[in-house]
Amino acid sequence: MQLGVNVPNFGPGTDPGVLREWARFAEGLGLGVLMVSDHVAVTPDVAERYPEPFYEPFTTLSWLAGLTTTVRLGTTVLVLPYRHPLLVARMAANLHGLSGGRFVLGVGVGWARREFEALGVPFGARGRLTDECLGVLREAGQVGRREGGVPVWVGGHSGAALRRAARFGDAWHPLRLTLPRMREVLRRHALPGFAPRIALRVTGAPVDAPDRCAGVGTVEQILDDLDQLRLLGAETVVLDPYHGDPEETRRPDAAWRALTTVATHWSTRS
């Protein structure tokens, strides 16, 4: 099972130099995938957690592809209704080809109502639009469930999201859930694959709360979470060191230390 990282491509501390260092760090640590987020119009509801500067994912990942050689590059998650599906298909296939087959297209329906309004996309239709987009991507022939094509990871954990993952995805890509919740979903649903994104928050004392998200706790707790995810069939686990405060982007060293600790311990036990 590979480990990956969700890199902040936003915030006051993020600039091209920091993004370059993130890429070098991820590849140097031997991580399997580096992923970034997606917002187009940074409306007030978005800016509260993901403020400017916000680096557009396809542009950013194309640039990082030229700075790396082994780490996969992906979106966690691209909000599909924000762009025409034929444009997404073209950009995804081009990035996959130019990077030597290293692109992963993580997709979701989105949540920021005001951003949808700014883009002129009906918020209430986002699920239907996402399904339609995924259908077009499939018909385009280079994205999803095809040997050599762009792998598609489908985010979300509602009933509609799980049906979407089963119908269109190469993997279910839940974000920041508890282990019991992921275990329950996988027991009840036949899904094509499993590639969760979990939190990464290392604590000095054990976290015993019943609603503890996977990836939160002592190093031993996090390593046990990873063991459990591997037993559930995860081929890749994306670690997310961002805790919601944009000021964290000014201090990437803290995230690098946590990732190094967990990845080093994991490599010796796996």
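The values are calculated or read from the model by the stated rules, or taken from the named source; none is laboratory data. Just so it is clear, the structure is predicted and the values come from calculations on it, not from any experiment. In this analysis, Cβ positions are derived from the backbone assuming ideal geometry, glycine residues included, and neighbour counts consider all displayed protein chains. For the accessible areas, the whole protein counts, side chains as well, though only heavy atoms, and no ligand, DNA or RNA atoms are used. Shrake-Rupley method; radii C 1.70, N 1.55, O 1.52, S 1.80 Å.
Just one of the numbered conditions (1) closer than 26 Å to Glu235 by Cα; (2) open to solvent by 60 Å² or more (accessible area, probe 1.4 Å); (3) not small (Gly, Ala, Ser) is not true of Thr76: (2). Pro210 passes every criterion in (1) at pLDDT below 95; (2) in contact with a strand residue (DSSP E or B) (Cβ under 9 Å, 6 or more places away or on another chain) apart from (2). From the list Leu239, Leu186, Leu200, Leu223, the one residue that fits, being closer than 24 Å to Val107 by Cβ and without any contact (Cβ under 8 Å) to a residue 60 or more places away in the chain, is Leu186. Close Cβ contacts (under 8 Å, 6 or more residues apart or on different chains) running from residues in the stretch 124-147 that are hydroxyl-bearing (Ser, Thr, Tyr) to residues that are open to solvent by 20 Å² or more (accessible area, probe 1.4 Å) and outside any helix (DSSP H, G or I) comprise Thr130/Val109.
Do we find that Gly233 is in contact with a strand residue (DSSP E or B) (Cβ under 8 Å, 6 or more places away or on another chain), surrounded by fewer than 16 Cβ atoms within 10 Å (Cβ to Cβ) and closer than 26 Å to Ala171 by Cβ in this structure?
Details: in contact with a strand residue (DSSP E or B) (Cβ under 8 Å, 6 or more places away or on another chain): yes; surrounded by fewer than 16 Cβ atoms within 10 Å (Cβ to Cβ): yes; closer than 26 Å to Ala171 by Cβ: yes.
Here the answer is yes, as Gly233 does meet what is asked.
Any residue that is in contact with a strand residue (DSSP E or B) (Cβ under 9 Å, 6 or more places away or on another chain), of a type in the set (S, T, N, Q) and free of Cβ contacts under 8 Å to residues at least 24 places away in the same chain - is there at least one of those in the stretch 244-252? No, the conditions are met nowhere in the stretch 244-252.
Residue-wise test of (1) open to solvent by 10 Å² or more (accessible area, probe 1.4 Å); (2) out of contact with any strand residue (DSSP E or B) (no Cβ under 8 Å at 6 or more places or on another chain); (3) at pLDDT 95 or above.
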| site | (1), (2), (3) |
| --- | --- |
| Gln2 | yes, no, yes |
| Gly28 | yes, yes, yes |
| Val33 | no, no, yes |
| Ala47 | yes, yes, yes |
| Trp63 | yes, yes, yes |
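For Arg269, which of the numbered conditions (1) more than 20 Å from the chain's Cα centre (by Cα); (2) at pLDDT 95 or above; (3) exposed (fewer than 15 other Cβ atoms within 10 Å of the Cβ); (4) over 18 Å from Ala23 (Cβ atoms) fails to hold? Exception for Arg269: condition (2).
Can you tell me which residue in the stretch 106-165 is farthest from Asn6 (Cα to Cα), limited to those that are touching a strand residue (DSSP E or B) at 6+ places or on another chain (Cβ under 9 Å) and basic (Lys, Arg)? Going through the qualifying residues, I end up with Arg138.
Residue count for the stretch 35-45 under the criterion of being more than 17 Å from the chain's Cα centre (by Cα) and either among the polar types (S, T, N, Q) or open to solvent by less than 10 Å² (accessible area, probe 1.4 Å) (or both): the result is 1.
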